[in-house]
Every structure is written in C-alpha cells, then in structure tokens.
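The next block holds one structure in the form of structure tokens; read it before the comments.
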Amino acid sequence: MNTPLADQGFELKPIPAILFLNNKGGVAKTTDSSLTAENLCLTKGKRVLLIDFDGQMNLTMYWVGVDHNEDDELIPPRHPDYDPSDEYDQEHLTERSNICDIFHGRQVLPHSTFLGPDDPEDITSPRVDIVAGSREGMRDILQNLNKSGLTDKSTGQVLETTNAGKLISQLGKFCSNPALAEQYDVIIIDSGPTETPLFSAAIQAATHVISPYKPEEFSIMGTSTLINAIRKARLNRIGREEEINFLGLLPCLVDLGRDGSHEETITQVRNDFAGDHFPEGMMITNTTAISSRQKKTSKKPDSVFSLPPSHKVRKRCDPVFQHIHDEVFSL
C-alpha cells in the first residue's frame, strides 16, 4: 500500500528532481523520463518517483493506464488504495489521486508500477512509482487562476488567494519536502510543452533539467529562450532552495545515417550552445528497440535495460544514463 505523500515530520534531506523540459512537443520527453526511471531502478537500485506534469498524460498511460469520462476525455485511473469509507481518505485525498491535487491542498497517492517489489509494504527496495497526471486538472487550474484565488471545481469554493507565484511555488515545495526521502531516492518530472505558469512551476521544482531535442530545425527553434528561462529561474528561486543544474541539450529521435543531416544538426547545436549540450556522442537514437518498449501493452513491457550490455541499442543508451546518474548523484 502506498502512503500518501505529505509532510510527516521526518528530518531527512530533500531528494533530487530531474525535469525533462522543452517548449516543443514530440521530442521524446516522456520516453526519456521513462528510460531514466528504468535505468535508475534496474541498474542503480534507486527508488524512483515519476510525476506526470504533462496534460497529455502519456507517462501515466504507459505506466499505469488511464480511464475516460463520459466525453471520452482522458482522466486519471482510480487509485486502488483509496477507501471511500475512510474519513481520512475523504478529507485528504481524491479517488483519482493526481499531481493537481497538491494545488487544492490535498495529498497525493502514488501508484505502484510493474517495476517494484511484490510486497506493497516494502519501501526500501528499488522501484518506480508514479503520481498520475490530469489533463482536466491542469486545464481547470489555469482557467481558474485569477486575482480571487484558485477555485475547487467540485465545490466552487475559493481555496485561498492564489497568484501565479504562489501556484509556481507549490510543486517546488512538494518536491523538496524531506519526507519524500523516506520512500524515494529521486523524482523525475515529465513536463508539458506549453509555456504557462505550470511550465515555470516545473522548472522551479527541479534540481536538474534536461532538454531533449530532435535534430531538426523546428525542434531547436526557441532553444535560446528555453535556456534563458532556466537561467532566470536560477536567479529567482521559488519553492525550493537547492540549485538548478542544467545538464544540457540531449539529442533524441536521432536517425543515424539519414544522409547525415541529423549528425550535422547535432554538431551545429553543440557549436551554438557550447557548455549547454550533452557530451559529444551521447544521444538517444530513433530505433524500434526503444519505441516498441515504450508502448503500453497488456503485459509488463520489456525494458531496454534488460537487453544484454553488448546489444547495440543498450550500448548507445548506457553512456547517456550513466552520465545522468553521475551528474545527479555525484558527491
């Protein structure tokens, strides 16, 4: 059984939060979030908490699945540990617990996934849990963000006076809560592409930011603006105290040998953004060995990191995720 995530009074050090961020869609942010979680769990023995902060809910769909409402819109799955007859659950939780609940003063229940111990009470073994996303929840937060405050849609009640700064700080406060260290070693956040206060909230919640990009002209447009937004957040920290470390631009969906255009674009980006790019040669290639393992199936998906270390795709991935691990967990 997962324990609700809230302040429980533990005197523990806040854990790192890795954010995958780009203001463009379709650049493999969700795939990279999942691959990082798999790598840290399966090869490094880490306890990973995923946060789906993208209204598309692809991360939630892959790891635990989603439901549909009467309008056939995606909604978070019901949490199996929510007890509608329990007074505590009624007061502090929602049946479809998701990350947007923190903006309404509620706690969240992470879902267990296919990577984790068989014993639900085991909080010490390597695993990947996920806090579900909510398309409707994010839309409502932005629509109801005004000078009067943030409105709880279910009751129509204005919960408190809320400006953009207060909204932005909320996710940072959640991710920097030392109580999380009782259950997890690292947080991974998959953020949506739209530049809104929620976009800023994701940056402010992170300790490490990675920006995946597809080596094509449309994908790299706006890169300078994105990097400047990260730098600005460093100078105006909201929600948590730890420094923001930009690990760099990561080439993804790379087609090697595609008349050399992707390799040329990567070289150009590395030259244009020297010091803000992953080391030379590190990339995520566009291959079915990865894409097929990131599709939701009726059985537990097979991870890239279950492939033999000698496999060409595994050999390509290992340096990337070893680099991420070393940067995040370096002493």
Looking only at region 35-59, and only at residues there that are assigned to a loop (DSSP other than H, G, I, E, B) and in contact with a Gly (Cβ under 8 Å, 6 or more places away or on another chain), the one that is nearest to Leu171 (Cα to Cα): Asp54
Residue count for region 251-280, restricted to those that are loosely packed, with under 11 Cβ neighbours inside 10 Å and within 22 Å of His208 (Cβ to Cβ): 4
Any hit, region 39-49, residues being of a type outside the set (A, V, I, L, M, F, W, C), within 26 Å of Lys214 (Cα to Cα) and within 13 Å of the chain's Cα centre (by Cα): no
Selection count, region 163-204, where residues are outside any loop (DSSP other than H, G, I, E, B) and either free of Cβ contacts under 8 Å to residues at least 24 places away in the same chain or over 11 Å from Leu21 (Cβ atoms) (or both): 24
Set Pro126, Pro110, Pro117: member being surrounded by 13 or more Cβ atoms within 10 Å (Cβ to Cβ) and either of a type in the set (D, E, K, R) or without any contact (Cβ under 8 Å) to a residue 24 or more places away in the chain (or both): Pro117
Neighbours by Cβ (under 8 Å, 6+ apart or cross-chain): first from region 13-28, more than 21 Å from Ser292 (Cβ to Cβ) and touching a residue at least 60 places away in the same chain (Cβ under 8 Å); second among the charged types (D, E, K, R) and crowded, with 24+ Cβ neighbours inside 10 Å: Leu21/Lys29; Asn22/Lys29
Residues being of a type in the set (Lys, Arg), farther than 15 Å from Asp32 by Cα and either in contact with a helix residue (DSSP H, G or I) (Cβ under 8 Å, 6 or more places away or on another chain) or at pLDDT 90 or above (or both) - total across region 294-320: 3
Residue among Arg240, Arg234 that is without any contact (Cβ under 8 Å) to a residue 12 or more places away in the chain and within 30 Å of Asp129 (Cβ to Cβ): Arg234
From the options Ser200, Ser191, residue that is crowded, with 17+ Cβ neighbours inside 10 Å and touching a strand residue (DSSP E or B) at 6+ places or on another chain (Cβ under 8 Å): Ser191
Pair list, Cβ < 8 Å and 6+ apart or interchain, from region 314-328 residues that are without any contact (Cβ under 8 Å) to a residue 40 or more places away in the chain to residues that are part of a helix (DSSP H, G or I) and buried (at least 21 other Cβ atoms within 10 Å of the Cβ): Arg314/Val304
First in region 263-283 and of a type outside the set (A, V, I, L, M), second anywhere and surrounded by 17 or more Cβ atoms within 10 Å (Cβ to Cβ) and modelled with pLDDT under 95, Cβ under 6 Å, 6 or more apart: Thr265/Pro215; Asp276/Ile227; His277/Arg270
Subset of region 35-62 [out of contact with any Ser or Thr (no Cβ under 9 Å at 6 or more places or on another chain) and among the polar types (S, T, N, Q)]: Thr36, Thr43
Complete set of residues in region 114-148 that are in a strand (DSSP E or B) and β-branched (Val, Ile, Thr): Val128, Ile130, Val131
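Please specify each residue of region 215-251 satisfying the condition of being part of a strand (DSSP E or B) and either out of contact with any strand residue (DSSP E or B) (no Cβ under 8 Å at 6 or more places or on another chain) or on the phi > 0 side of the Ramachandran plot (or both).
Gly248
Please enumerate the residues belonging to region 57-76 that are surrounded by fewer than 17 Cβ atoms within 10 Å (Cβ to Cβ) and either touching a Leu at 6+ places or on another chain (Cβ under 7 Å) or under 21 Å from Phe114 (Cα atoms) (or both).
Filtering region 57-76 for residues surrounded by fewer than 17 Cβ atoms within 10 Å (Cβ to Cβ) gives 65, 67-73.
Hits for region 57-76 are Gly65, Asp67, His68.
The values are calculated or read from the model by the stated rules, or taken from the named source; none is laboratory data. From a predicted model like this one, the values you see are computed outputs, not experimental measurements. Neighbour counts are summed over all protein chains in view; Cβ atoms, including those assigned to glycine, are modelled from backbone coordinates with ideal geometry.
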